[in-house]
């Protein structure tokens, strides 16, 4: 198997910016220290090309974003100040998910230690998302002729509104989003299946809702490949989460997704998506649980 990292491409942020960029570096260091990887299994991904990005995004949006021509309002909607580093990282994140998808098709599981930028739409970004790595990668492996039907299992605490909008008229990509009903974004898009949960939903109610949603995703979507957005932000101590899952509950969530893919014989692509715990070490712990399960699933 192969894991792809992008933390060497640092976003120059404004003073006082609160996006937890350190989690990516800390997660990579945790992976490296684990001793579970073989030589060559942790890789620096290529940047997604314009042609690859155009599979999900309007070419003029890609051009303006790359050239630094986004308006102030567009950048405020994204949440990052523009920089060449922002674009390079965003391209590398999409490139990492493309390569993770190709690795999954070869080995059963592939991992991007970042990614999950599910708030990016065809012609704009928002919510810390510039390009939608999941849809870019799904359409790239479809164009490669490697798969026909794809499912997106989005378990970030926020609805994958960009993914839902991009795939609304695309029957080849089935979208599931399990998220907080009252959380960001205020205006939800329509996924193929949306499971909306009340604030402070805990382990049992969450897992009880997830099981039937997975069943329906596999029965209706019939995927050849699954993209799993394993957000750490349903955690009970996440600053932006509003749900109440424990680390044990999130580990069980992961197990359910991995087991369902394994039983169906469907390769799995894992991305990290969100995570904003009060203590960044908690976010890293949760992401590491997911990554460790992926590594062991591929052995």
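The values are calculated or read from the model by the stated rules, or taken from the named source; none is laboratory data. The structure presented is a predicted model; accordingly, all values stated were derived computationally and were not measured. Every residue, glycine as well, gets a Cβ built from its backbone with ideal geometry; the counts of neighbours run over all protein chains shown.
Here are a few things to note about the model shown:
- Test: residue in region 118-133 that is touching a strand residue (DSSP E or B) at 6+ places or on another chain (Cβ under 8 Å), in contact (Cβ under 8 Å) with a residue 24 or more places away in the chain and not in a loop (DSSP other than H, G, I, E, B): yes
- The condition (being over 20 Å from residue 101 (Cα atoms) and assigned to a loop (DSSP other than H, G, I, E, B)) is satisfied by just one residue among 147, 178, 157: 157.
- The lone criterion from (1) at pLDDT 95 or above; (2) surrounded by fewer than 20 Cβ atoms within 10 Å (Cβ to Cβ); (3) in contact with a strand residue (DSSP E or B) (Cβ under 6 Å, 6 or more places away or on another chain) left unmet by residue 265 is number (3).
- Where residue 278 falls short, out of the listed (1) modelled with pLDDT of 95 or more; (2) over 16 Å from the mean Cα position of the chain (by Cα): (1)
- Scanning region 74-118 for residues that are surrounded by fewer than 24 Cβ atoms within 10 Å (Cβ to Cβ), touching a helix residue (DSSP H, G or I) at 6+ places or on another chain (Cβ under 6 Å) and over 20 Å from residue 37 (Cβ atoms) yields a total of 3.
- Condition check for residue 139: under 22 Å from residue 228 (Cβ atoms) and either crowded, with 19+ Cβ neighbours inside 10 Å or without any contact (Cβ under 8 Å) to a residue 24 or more places away in the chain (or both): yes
Per-residue answers, yes or no, for (1) within 19 Å of residue 243 (Cα to Cα); (2) at pLDDT 95 or above; (3) crowded, with 24+ Cβ neighbours inside 10 Å:
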| site | (1), (2), (3) |
| --- | --- |
| 130 | no, yes, yes |
| 135 | no, yes, yes |
| 148 | no, yes, no |
| 154 | yes, yes, yes |
| 158 | yes, yes, yes |
| 161 | yes, yes, yes |
| 167 | no, yes, yes |
| 170 | no, yes, no |
